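The values are calculated or read from the model by the stated rules, or taken from the named source; none is laboratory data. Quick caveat: nothing in here was measured; it's all calculated off a predicted structure. Here the Cβ positions follow ideal geometry from the backbone for every residue, glycine too, while neighbour counts run over all protein chains shown. We work out accessible area using only protein heavy atoms, side chains counted, and drop any ligands, DNA or RNA first. Shrake-Rupley method; radii C 1.70, N 1.55, O 1.52, S 1.80 Å.
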Amino acid sequence: MSNEKQSSLRKIMAIRGMGAAITAFIGLIVIYVAFGLINPAVFSGQNIMNLLRSMSKYLLIGIAQSYILITGNIDLSIGSMVGMSAMVAATLMSRGVNPVIAIVVALACCLVCGVVNGFLVGKFKLPPFIATLGTMFITRGVAYMVNSNRNTDAIATGIGKEAGDSFQNIFYYGTTFGVYNTFWIALIFFIIFFFLLSKTRTGRHIYAIGSNIDAAKLSGVNVVATTTKAYLVSAVCSCVVGLILCAQAGMGNMEAGNMYEMYGVAAGVIGGVSPLGGTGLLLGTFAGAAVWQTLENGLNMIGAQVGIQRVVIGVIVVAAVLLDVVVRGGQFKKKKGN
Amino acid sequence: MGEIIVSMKNICKSFPGVKALDGVDFELRSGEVLALLGENGAGKSTLMKVLSGVYTRDEGSLEIFGKEYGDLTPKQAQEAGVAIIHQELNMCKHLTVTENMFLGREKRGKVALDNSSMEKEAKEILDDLKIDISPNQIVGELPVSKQQMVEIAKALSIHAKILIMDEPTSSLTAREIEDLFRIIRKLKSEGKGIVYISHRLEELQHIVDRVTIMRDGQYITTMNFKDTTMDQIIAHMVGREIKEKFPRVECEKGKKIFEVRNLNAGRMVRDINFSAYEGEIVGFAGLMGAGRTETTRAIFGVDPKESGEIYVDGREVKITCPMDAIKSGVVLAPEDRKKDGLCTKLSIRHNLALPNLDIVCNKLGVVSSKTEEKLCEKAVEDLKIKTPNVEIDSGNLSGGNQQKVVVGKWLARDSRVVIFDEPTRGIDVGAKVEIYHLMNDLKKQGIAVVFVSSEMPEVMGIADRIIVMCDGRITGEVMARETTQNEILTLATTFEDKKIGKSEGGNEEHE
């Protein structure tokens, strides 16, 4: 019996990227406890609730960027898509459009951006850094333009206080089973995309093109479709984060989601997703997002200044990768040759 | 001999500026191994890419199993049973064996992927081929030879009946080649047709039934292997008689130039002692994974040494990084040209100048194009590098010419010791002879040449003295003219007592 247990444990540990993911979880616990010892309020129920809610955004962004990183690409347009989603949804609602329709329109805008990204990178073989740099500017521009270069009015002025409140509650302020809805939303997407990546053909192909795109192509993998699917996942996640930010503020902010694409890279990389493609688990991304948020939250709680926070986070990102390269001789090392 | 399963007639294919195939005929029968031979650039790979649908032909007809195909797509070719095993392995290194075998045609259960049934099928195929690999292994962790077996297994899993193998043995050890041949014979006995492309002509006798020879994009001839001789084959390939396959020059053995004492660096380099003299070529023989490459890397300062002294012209030199080695006159032409020898995306000029920037730059560190020009001209001339000009990307050159550029990098300096690590791998007969001449020239100039090679005939033909390694140690030293292949092979397989806590797997380590 114990033998069987051992072998199944070994099987789990043999999954590529599992080591890095577990390291990130251990790091998470260490950081959390360390902050808690300095300021016991970190352990309070309310703080845990806040923590889960604020990590949700990073989790979604992390999923978005991890999908892209695993294909060996990058998506710089994530933050702009967040902003576009928030602005489109808020503009429509502040003018009295039904929230459901507003959400659908915002989602459609993001999906268009995802398809464009996928085609530029997958079909026209543009370097992803350049392609998504372009769409980053374009989508941010759209975010500015939808409400004529101004932040929107409160959404309640358009759809009324009742509908406005319920929109805000669903995406941000309300709770279910004692936990903020934001976290449940993120968790549902996490489970869906976790399944997609680890258990389906599409997921397998995403790893394959990140590992060796030529081999994948010669095996009959549709590289354009797979790349596009990955960028669509990124677009969906970004859209949801945009809606969350819109609900949080009760209005649309043109600068919403600024720099989020880089937070996504950080969450993924801390969790062991290789920016060179081919490896990484969303479980790691989960831990990475949590580490990120715990740091931000903990540093706040012990009264550290914003500048210090940024420095610490930067150090953690580099240290996570350095640890992998030095200790495990790891996956982040640049591919030799070719 | 079986019926004809592939028939290609009058195949033409042009690329901008080049006629790669010019009216080539090709036939393959079931249950045979056909060697497709020719120098690099003869059009073998292009022809096979036409057969596997990667390229579409400009002219000519193509039949597979009697069915005529117009524009063949890779997918159609695959469905017709054509599988190609590429020289540079095409595997997703992060994925497992099963995942690679089923890539692009994964089996689905009701909701998720049906991993267990794919694993089971993979295991059946591997077992059937008697390949000892777990289907759950991550491919990147397997030695190259095993990865190749996985490619073959993958081809069989899609029911391939026509297998094209492009240089399958170029990175295998003798034992692994034997394994591969066993599998090839098995496939042949099952009636599959196998196209075998190789530059290692010696190994053809073990498996090949017929040979088809191409030259400069044209079909030359097809012969039964039994009715021909190696010399005939080579004459057809190069279009001229090569008088000496292994040209040897006799030189007076002079004073000791180079000595390595008690070199240790990790498990694959243990207690290495040897010296090289003026006017001789020292060969390093051994099986793949014997530690020869590791030894050259340790000497050159790429990998750290644990201990050991190196003497050049009687003076001890400290080498901790490649720059130290270069400055003391020890240079290395590494094993993998494309990976370690050249910056393939840079021009020939930039490659040649790279290790000589101290010579071609003035005091301020500005490159003098005049000096650089001179250096390049000299290298191109001395080495007969075939290229229209030196601005061409070195990656676009043929294997033989690339090797010349690698060597050319070092000729501008007064090097005392030149180490060649597998300089002839993957290049054709004609170019090989040129490399041999090059080594002989160095030898005549009084430079110590160290020549690492896994191909026994060339070590015996070119080197004067042969040092044999096995498992990280030197197991013997013989004079080339007084030894036999058997003697070398015996030395190359003299493993230490295995009981000293070493696993079987350790011996198969890949380089």
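Every listed requirement among (1) in contact with a Gly (Cβ under 7 Å, 6 or more places away or on another chain); (2) more than 30 Å from A:Ser198 (Cβ to Cβ); (3) modelled with pLDDT of 85 or more; (4) not small (Gly, Ala, Ser) is met by B:Lys19 save one, (3). A single member of B:Arg185, B:Arg200 is surrounded by fewer than 20 Cβ atoms within 10 Å (Cβ to Cβ), more than 12 Å from B:Ala35 (Cβ to Cβ) and among the charged types (D, E, K, R), and it is B:Arg185. For segment A:190-216, a residue qualifies if it is assigned to a helix (DSSP H, G or I), hydroxyl-bearing (Ser, Thr, Tyr) and without any contact (Cβ under 8 Å) to a residue 40 or more places away in the chain, and exactly one does: A:Thr202. B:Ala379 falls short of the stated requirement of being over 20 Å from B:Val449 (Cβ atoms), out of contact with any Phe, Trp or Tyr (no Cβ under 9 Å at 6 or more places or on another chain), part of a helix (DSSP H, G or I) and open to solvent by less than 70 Å² (accessible area, probe 1.4 Å). In segment A:217-232, of all residues being more than 21 Å from B:Glu141 (Cβ to Cβ) and not in a helix (DSSP H, G or I), the one that is farthest from the other protein chains (Cβ to nearest Cβ) corresponds to A:Asn222.
Where residues in segment B:368-419 are in contact with a Pro (Cβ under 9 Å, 6 or more places away or on another chain) and not β-branched (Val, Ile, Thr), which of them is nearest to B:Gly314 (Cα to Cα)? Residue satisfying both the conditions and the ranking: B:Arg413.
Just checking, does segment B:44-66 include any residue being touching a Ser or Thr at 6+ places or on another chain (Cβ under 9 Å), farther than 15 Å from B:Ile197 by Cα and among the charged types (D, E, K, R)? Yes, there is a match, as at least one residue in segment B:44-66 is touching a Ser or Thr at 6+ places or on another chain (Cβ under 9 Å), farther than 15 Å from B:Ile197 by Cα and among the charged types (D, E, K, R). The set of residues in segment B:301-348 being surrounded by fewer than 22 Cβ atoms within 10 Å (Cβ to Cβ) and assigned to a helix (DSSP H, G or I) consists of B:Pro322, B:Met323, B:Asp324, B:Ile326, B:Lys327, B:Lys338, B:Lys339, B:Asp340. Evaluate segment B:90-106: report whether one residue or more is open to solvent by 20 Å² or more (accessible area, probe 1.4 Å), more than 14 Å from chain A (Cβ to nearest Cβ) and either closer than 30 Å to B:Asp421 by Cβ or not in a helix (DSSP H, G or I) (or both). Scanning segment B:90-106 turns up no residue that is open to solvent by 20 Å² or more (accessible area, probe 1.4 Å), more than 14 Å from chain A (Cβ to nearest Cβ) and either closer than 30 Å to B:Asp421 by Cβ or not in a helix (DSSP H, G or I) (or both). Residues in segment B:152-179 that are among the aliphatic types (A, V, I, L, M) and open to solvent by 10 Å² or more (accessible area, probe 1.4 Å): 4 in all. Taken together, the residues in segment A:190-220 that are under 15 Å from the mean Cα position of the chain (by Cα) and open to solvent by 50 Å² or more (accessible area, probe 1.4 Å) amount to 3. Scan segment B:137-151 for residues that are without any contact (Cβ under 8 Å) to a residue 60 or more places away in the chain, touching a helix residue (DSSP H, G or I) at 6+ places or on another chain (Cβ under 7 Å) and open to solvent by 20 Å² or more (accessible area, probe 1.4 Å) and jot them down. Correct list: B:Gln137 only. Identify all residues within segment B:127-160 that are within 14 Å of chain A (Cβ to nearest Cβ), out of contact with any Leu (no Cβ under 9 Å at 6 or more places or on another chain) and part of a helix (DSSP H, G or I); write none if there are none. Answer for segment B:127-160, where residues must be within 14 Å of chain A (Cβ to nearest Cβ), out of contact with any Leu (no Cβ under 9 Å at 6 or more places or on another chain) and part of a helix (DSSP H, G or I): B:Glu141, B:Ser157. Scan segment B:117-125 and give yes if some residue there is within 13 Å of another protein chain (Cβ to nearest Cβ), closer than 21 Å to B:Ile85 by Cα and not β-branched (Val, Ile, Thr), otherwise no. No, segment B:117-125 contains no residue that is within 13 Å of another protein chain (Cβ to nearest Cβ), closer than 21 Å to B:Ile85 by Cα and not β-branched (Val, Ile, Thr). Assess whether A:Ile101 counts as being buried (at least 18 other Cβ atoms within 10 Å of the Cβ) and in a helix (DSSP H, G or I). For A:Ile101, the condition - buried (at least 18 other Cβ atoms within 10 Å of the Cβ) and in a helix (DSSP H, G or I) - is not met. If the condition is being acidic (Asp, Glu) and within 14 Å of chain A (Cβ to nearest Cβ), then segment B:60-79 contributes only B:Glu79. Looking across A:Arg150, A:Arg140, one residue alone is more than 14 Å from every other protein chain (Cβ to nearest Cβ), in contact (Cβ under 8 Å) with a residue 12 or more places away in the chain and part of a loop (DSSP other than H, G, I, E, B). It is A:Arg150.
For B:Gly279, the conditions (1) part of a loop (DSSP other than H, G, I, E, B); (2) at pLDDT 85 or above; (3) of a type in the set (Gly, Ala, Ser); (4) under 22 Å from the mean Cα position of the chain (by Cα) are fulfilled apart from (4).
Mind checking which strands (runs of 3 or more DSSP E) fall wholly inside segment B:1-77 and carry at least 2 residues that are of a type in the set (Val, Ile, Thr)?
B:4-15, B:18-29
Does segment A:167-182 contain at least one residue that is open to solvent by 30 Å² or more (accessible area, probe 1.4 Å), among the small types (Gly, Ala, Ser), more than 28 Å from A:Gly280 (Cβ to Cβ) and modelled with pLDDT under 90? Scanning segment A:167-182 turns up at least one residue that is open to solvent by 30 Å² or more (accessible area, probe 1.4 Å), among the small types (Gly, Ala, Ser), more than 28 Å from A:Gly280 (Cβ to Cβ) and modelled with pLDDT under 90. Screening B:Val111 on (1) open to solvent by 70 Å² or more (accessible area, probe 1.4 Å); (2) away from chain A (no Cβ under 14 Å) shows it passes everything except condition (2).
So that you can scan it fast, the table gives a plain yes or no per residue for (1) at pLDDT below 95; (2) of a type in the set (A, V, I, L, M):
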{"site": "A:Ser7", "(1), (2)": "yes, no"}
{"site": "A:Ile12", "(1), (2)": "yes, yes"}
{"site": "A:Ile15", "(1), (2)": "yes, yes"}
{"site": "A:Met18", "(1), (2)": "yes, yes"}
{"site": "A:Ile61", "(1), (2)": "no, yes"}
{"site": "A:Ala108", "(1), (2)": "no, yes"}
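Has segment B:122-132 got at least one residue that is open to solvent by less than 30 Å² (accessible area, probe 1.4 Å), over 23 Å from A:Val224 (Cα atoms) and at pLDDT below 85? Scanning segment B:122-132, I find at least one residue that is open to solvent by less than 30 Å² (accessible area, probe 1.4 Å), over 23 Å from A:Val224 (Cα atoms) and at pLDDT below 85, so the answer is yes.
Looking only at segment A:202-216, residues that are more than 8 Å from chain B (Cβ to nearest Cβ) and among the aliphatic types (A, V, I, L, M) come to 3 in all. Taking residues in segment A:224-238 that are on the phi < 0 side of the Ramachandran plot, and partners anywhere that are open to solvent by less than 10 Å² (accessible area, probe 1.4 Å) and acidic (Asp, Glu), the pairs with Cβ atoms closer than 7 Å and at least 6 places apart or on different chains are A:Tyr231/A:Asp75; A:Ser234/A:Asp75.
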